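Read through the structure below, which is laid out as structure tokens, and then see the notes.
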Amino acid sequence: MSGTANTNKITRLAPMVGMAIIAVSFVLVNASWIARYRLNQAVDIDEAGYFSIALYDYHAWMSGGLRGWLNEVLLPTIQAPVTTATASILFIIFGPQLSVGFLVPVLFGGASVIVTYFLARRIAGDWFALLASLIVAASPIIVDYSRTFNFAMAATFFTTAALMCLLYSDRLRSTPWAILLGLCVGMMALSRTVTISFYPAIALAVLWCVFTRRDAIAKALANTLLAGVVALITAASWLFFSWRPVLDYLLQYGYGDKATSYGPAGLWQSAYATIQLFIYYTQLTDTLLIIFGIASLLIYVLIFSLKNGIILTLNRVTASLVSPVLIFSTFSIFALMSSSNKGTGFSAPLFPALAIIALYGFRLLLSTEPLRFIGAAAIAVACLVSVHPLFSMEPPYYENSRTTLPLIGTIPAFSSRAPIHWYSLESELGNPDIPTAISTDDSHQWFQLSTELYALAHDRNPPDSVVKMGFRTYLLNGNTISLANAMSSPVRLPVDGSPPFPGTISDYEAWLQSSPSCLLLSADGTIGDIRPAVDFEALETAAKNLGFSVIESVRTPNGRTVKLWSRNSCELGKTV
């Protein structure tokens with residue numbers, strides 16, 4: 001009897017142990033990859049900005065303790081604070097090294113694997129959950145954004161955790177789980193502002209859970225209200241201070257005229273671009289998994305309805321725990337489609353839910369245990385094949401093959417490259433024949449060039465004057481100069497890295513005079529610039545018209561000349 005009990009205990013624990021091994025392996029493999037291919041190398045424009053915020057949070061702690069740190073973290077900004085604040089805490093403990101900051105998305109990625117397991121377990125049991133956690137851990141979109149210092153993995157964790165809490169809340173009949181749901185929903189906004197657009201979707205999923213069960217509806221509504229209050233308080237802990245810039249950002253860059261600088265105009269074009277980008281980053285294996293898995297779910301529902309009728313089918317759908325996950329995913333995708341701004345990794349938080357839905361579709365269609373076992377084994381092997389190129393940028397792992405899908409176009413089939421490599425190639429800074437797009441030496445030079453330009457500007461910029469950054473590449477921009485500043489000094493050098501792009505001479509004159517400024521950085525040509533690019537000739541004409549002249553120049557690794565301009569009417573310590 002005891003032998004049977006021990007066997008049953010091992011059987012129950014085995015999937016969870018497997019999940020723990022997967023999650024730990026995920027963290028170790030990605031941390032090792034970052035150590036080899038990201039440290040002391042160039043960072044992209046977003047990473048530089050986020051690292052700068054984290055370092056200034058750290059400096060605030062060092063100079064002002066907890067109060068100083070809180071004041072810095074809660075400064076009005078459009079950037080959600082979770083990732084940068086977490087990085088600053090690690091800086092306080094381990095020292096202000098970028099290597100430490102890179103661990104934050106890796107850890108959130110590992111945590112996303114764990115909550116995926118518990119979300120999937122609630123739907124279809126332990127072994128189903130183990131396979132779901134493997135799919136997420138091996139997914140290129142999750143791996144790539146775990147290797148990038150941005151907000152995608154924090155948003156993925158809290159979004160998946162919110163769905164997990166929703167399912168464990170017993171359709172909002174459990175008060176403790178409702179409170180945790182509200183906490184996670186509030187943290188979604190603090191992890192990345194784009195997740196605010198998911199709020200209508202999570203609300204629909206919550207209402208579905210409340211009203212698709214007939215008993216204790218009053219209690220469910222009370223718990224829904226409680227969850228909403230908790231979510232509001234949690235989100236307000238930051239949005240109370242930053243609601244205005246966040247609202248302006250969402251209205252201008254999410255749905256306003258500036259959104260089209262980051263994606264196509266028009267509803268159908270925007271919807272197509274959302275799907276195309278998601279497929280681009282999930283690569284071939286996960287794309288096929290999701291397409292065929294969701295198709296399997298639809299086929300099963302159709303067959304079931306033909307055999308059993310619409311009423312029984314609706315009852316089955318109503319009772320299914322996958323339904324609120326499907327509702328949330330569908331309407332969140334619609335939210336992303338509604339904006340022209342496609343951002344970086346906006347769709348990553350939806351991947352665990354979509355993977356679970358697809359896997360559940362296979363499970364329903366493969367109705368016998370032997371078929372399910374064969375299907376699970378095939379999916380596991382496909383995941384291992386998919387993740388193989390992500391272990392290293394060197395043979396025998398490195399691969400960069402492409403394929404063409406109907407209606408979608410050319411996408412990576414299997415690729416070892418991370419987002420920074422794609423950005424470098426997209427902006428003509430990289431060489432497609434080099435696995436990392438840019439050689440180690442060139443990448444280091446880009447990193448050091450920001451330090452050099454910061455030193456030149458710092459030594460010449462009068463107090464209360466803003467340095468105008470008149471161009472932006474992925475690897476050299478106002479954010480990278482601010483990062484060089486934050487790495488060497490707690491005192492900010494004010495940098496305005498948002499010139500009109502493109503603009504006229506009068507536009508650039510207005511920009512140069514929009515704040516007290518004595519220094520301008522410009523670069524000849526546009527090779528390597530983020531599109532749309534600054535019209536450097538119009539900018540330089542505007543600078544001359546306002547009395548600026550070139551006082552220093554340096555060369556970039558790709559051969560452009562960066563010019564440091566000073567306004568002739570400025571003197572050290574004075575601005576005009």
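Taking segment 347-379 as the range and being assigned to a loop (DSSP other than H, G, I, E, B) and modelled with pLDDT of 95 or more as the test, only Ser347 passes. Among the residues of segment 357-397, those identified as open to solvent by less than 50 Å² (accessible area, probe 1.4 Å) and β-branched (Val, Ile, Thr) are Ile357, Ile379, Val387. The set of residues in segment 121-143 being of a type in the set (Gly, Ala, Ser), over 14 Å from Cys383 (Cβ atoms) and assigned to a helix (DSSP H, G or I) consists of Ala124, Ala129.
The one condition from (1) open to solvent by 10 Å² or more (accessible area, probe 1.4 Å); (2) more than 24 Å from Asn341 (Cα to Cα) that Val185 does not meet is (2). For the residues Leu475, Leu539, Leu521, Leu483, the requirement of being open to solvent by less than 10 Å² (accessible area, probe 1.4 Å), modelled with pLDDT under 95, among the hydrophobic types (A, V, I, L, M, F, W, C) and closer than 23 Å to Glu428 by Cβ singles out Leu475.
Listed by first and then second residue, the pairs with beta-carbon distance under 6 Å, at least 6 apart or on different chains, first residue in segment 132-153 and over 18 Å from Thr84 (Cα atoms) and open to solvent by less than 10 Å² (accessible area, probe 1.4 Å), second of a type in the set (Asp, Glu) and in a helix (DSSP H, G or I), are Ser139/Asp286. Residues that are within 20 Å of Ser261 (Cα to Cα) and assigned to a helix (DSSP H, G or I) were ranked within segment 506-527; the one that is nearest to the chain's Cα centre (by Cα) is Trp511.
Among the residues making up segment 398-433, those that are more than 24 Å from the chain's Cα centre (by Cα), at pLDDT below 90 and open to solvent by less than 80 Å² (accessible area, probe 1.4 Å) are Leu405, Asn431. Just wondering, is there one or more residues in segment 191-203 that are within 21 Å of the chain's Cα centre (by Cα), within 27 Å of Ile333 (Cβ to Cβ) and assigned to a loop (DSSP other than H, G, I, E, B)? Among the residues of segment 191-203, at least one is within 21 Å of the chain's Cα centre (by Cα), within 27 Å of Ile333 (Cβ to Cβ) and assigned to a loop (DSSP other than H, G, I, E, B), which makes the answer yes.
Mind telling me which of the residues Arg67, Arg38 ends up being at pLDDT below 95 and either more than 24 Å from Ile530 (Cβ to Cβ) or not aliphatic (A, V, I, L, M) (or both)? Unique residue meeting the criteria: Arg38.
Within segment 222-264, how many residues are small (Gly, Ala, Ser) and either under 14 Å from Val194 (Cα atoms) or open to solvent by 60 Å² or more (accessible area, probe 1.4 Å) (or both)?
Final tally of qualifying residues: 3.
Give me the pairs, please: first residue somewhere in segment 24-41 and under 11 Å from Phe102 (Cβ atoms), second residue anywhere and charged (D, E, K, R), beta-carbon distance under 7 Å, and either six or more positions apart or on two chains. Correct list of pairs: Asn30/Arg147; Trp33/Arg147; Ile34/Arg147; Arg38/Arg147.
The values are calculated or read from the model by the stated rules, or taken from the named source; none is laboratory data. These numbers come from a predicted model, not from an experiment. Backbone-built Cβ (ideal geometry, glycine too); neighbour counts: all protein chains shown. To get the accessible areas, we keep the full protein, side chains included, count just its heavy atoms, and leave off ligands, DNA and RNA. Shrake-Rupley method; radii C 1.70, N 1.55, O 1.52, S 1.80 Å.
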